[in-house]
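No lab work stands behind these numbers, since they all come straight from the coordinates. Please read all numbers here as calculations on a predicted model, not as lab measurements. Heads up, the Cβs are rebuilt from the backbone with ideal geometry, glycines too, and the neighbour counts pull from every protein chain shown.
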Amino acid sequence: MRRHAVLVLVLAVGLVSSCSITRAGAWSQAQDAFAAGDYRGAIKKADASLRYGSPSEEERANANLLKAQSYERLGQIGDAVALYTFVARNFPQTPQGYQAAFALARIAPNQATKGEHAF
């Protein structure tokens, strides 16, 4: 019985660890794709990084900001604005939130909400 409980614990720790490693790998691939100008690939890998386990708030902010930047570079401004808005509103006091707010002010000044960030 005790042996069974230990095995279950080891498997659970392994699964959590595996999700974290897989998420980190997908995030690394997303950054590499973005740096290489493969913006569609960056979006796919950023999405993949969000599907593994339970990403932290910082991981969610990073992935969504990278997706917004990728959409902007692809010329899909509506999608970029939607994600920049999501990041600015959901992560307002983070570096990613500030970057998103500045991007909104630059590409869609009417989308920036007064009072969320002081420029």
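Okay, here's what the table says:
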| item | result |
| --- | --- |
| Using a Förster distance of 22 Å, the FRET efficiency for Ser28-Asp79 (Cβ separation, nearest 0.05) | 0.40 |
| Ranking of Lys44, Lys67 by count of other Cβ atoms within 10 Å, fewest first | Lys44, Lys67 |
| Environment charge at Glu72 (Cβ cut-off 11 Å; Lys +1, Arg +1, Asp -1, Glu -1) | +2 |
| Spread of Cα-to-Cα distances over 5 Å intervals beginning at zero, given as percent, for the stretch 15-107 | 3, 17, 25, 22, 20, 9, 3, 1, 0 |
| Charge context of Arg51, other residues only, Cβ under 14 angstrom, K/R +1, D/E -1 | +3 |
| Additional length obtainable on full extension of the chain from Glu57 to Asp38, 0.36 nm per residue less Cα span | 4.3 nm |
| Contour minus Cα-Cα distance for Phe102 and Asp47 (0.36 nm per residue) | 17.5 nm |
